[in-house]
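Novice: Below: one structure in structure tokens.
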Amino acid sequence: MRLTLRRAVLISLVIGAVTATPLFAATLAQMNLGDLCERAERIYRGTVVQTETGLVKAGGGEIPTITYTIRVDQAFKGEFDTVKGEQVVTLTTLGKIPPREVAGMKRFPVLPEVPTLSMGESYLLFTTPPSGGNLASPVGLGQGKFDIKAKDGMEMAVNQYQNIGLFRDMDVTDIASQGAIPYQRLADVVRTTLTVQEGGIR
């Protein structure tokens, strides 16, 4: 099936934002925490303070986007802007692609869906470098976005895949192999991993 220029550009943008790798080399592989740390341009805990929908031009058409303004509550890796004494990051991701009308039938996109963030919620995010159209995303889509929720007086963190494989082949034995884990312990492992990889922790 031949791709239109617009669709080819869209696929390239999405894969670039998701994986930060060239189109021909991109796959959505399962990643452990070390992989997430290595591939992320920025790693931070943040609270969403503003959301805005928009469009980016690509291939002669327009692609929907969502731009999040996130207050950085804890920085692990990368550079962040400072506004009124607080660190902030602007994250623009691919929005929801509407179905196309073809021969009277709706065809829904087969592209991966980028995780969305909710206003006022707190997340631990591992995000890719911006790709074409200034789009970025959590590394490995839902693998690099951790919801943080309080449970029994303790903050717990879990990604979209219930943390399955998060510590695969890593020397971490005191944390459950799947399901929500204490946020503070996860943050400690992130710091240790970054120190081992490149001394990237501030």
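The values are calculated or read from the model by the stated rules, or taken from the named source; none is laboratory data. No experiment lies behind these values; they were computed from the predicted model shown. With ideal geometry, Cβ positions are generated from the backbone for all residues, glycine too; neighbour counts draw on all protein chains shown. With ligands, DNA and RNA removed, areas are computed over all heavy atoms of the protein, side chains included. Shrake-Rupley method; radii C 1.70, N 1.55, O 1.52, S 1.80 Å.
Novice: Could you list, in sequence order, all residues of the stretch 163-176 that are open to solvent by 90 Å² or more (accessible area, probe 1.4 Å) and either touching a Gly at 6+ places or on another chain (Cβ under 8 Å) or of a type outside the set (V, I, T) (or both)?
Specialist: Within the stretch 163-176, D169, D171, D174 meet the criteria.
Novice: Within the stretch 68-80, is there a residue that is among the charged types (D, E, K, R), closer than 28 Å to E198 by Cα and in contact with a helix residue (DSSP H, G or I) (Cβ under 7 Å, 6 or more places away or on another chain)?
Specialist: At the first step, the residues of the stretch 68-80 found to be among the charged types (D, E, K, R) are 71, 73, 77, 79.
From what's left, closer than 28 Å to E198 by Cα: 71, 73, 77, 79.
The next check asks that each one be in contact with a helix residue (DSSP H, G or I) (Cβ under 7 Å, 6 or more places away or on another chain); those that pass are 77.
Yes, because at least one residue in the stretch 68-80 is among the charged types (D, E, K, R), closer than 28 Å to E198 by Cα and in contact with a helix residue (DSSP H, G or I) (Cβ under 7 Å, 6 or more places away or on another chain).
Novice: Condition first: over 19 Å from V49 (Cβ atoms) and in contact (Cβ under 8 Å) with a residue 12 or more places away in the chain. Now tell me which residues in the stretch 138-154 satisfy that.
Specialist: Once the filter is applied, which keeps residues that are over 19 Å from V49 (Cβ atoms) and in contact (Cβ under 8 Å) with a residue 12 or more places away in the chain, the stretch 138-154 yields V139, G140, L141, G142, Q143, G144, K151, M154.
Novice: Go through the stretch 182-200 and count every residue that is in contact with a helix residue (DSSP H, G or I) (Cβ under 9 Å, 6 or more places away or on another chain) and either open to solvent by less than 50 Å² (accessible area, probe 1.4 Å) or of a type outside the set (V, I, T) (or both).
Specialist: Qualifying residue count, the stretch 182-200: 8.
Novice: Does G179 qualify as being over 10 Å from the mean Cα position of the chain (by Cα) and part of a loop (DSSP other than H, G, I, E, B)?
Specialist: So G179 fits the description; yes.
Novice: Taking the stretch 128-166, which residues are in contact with a strand residue (DSSP E or B) (Cβ under 7 Å, 6 or more places away or on another chain) and of a type in the set (D, E)?
Specialist: If the condition is that a residue be in contact with a strand residue (DSSP E or B) (Cβ under 7 Å, 6 or more places away or on another chain) and of a type in the set (D, E), then D147, E155 are the ones that fit.
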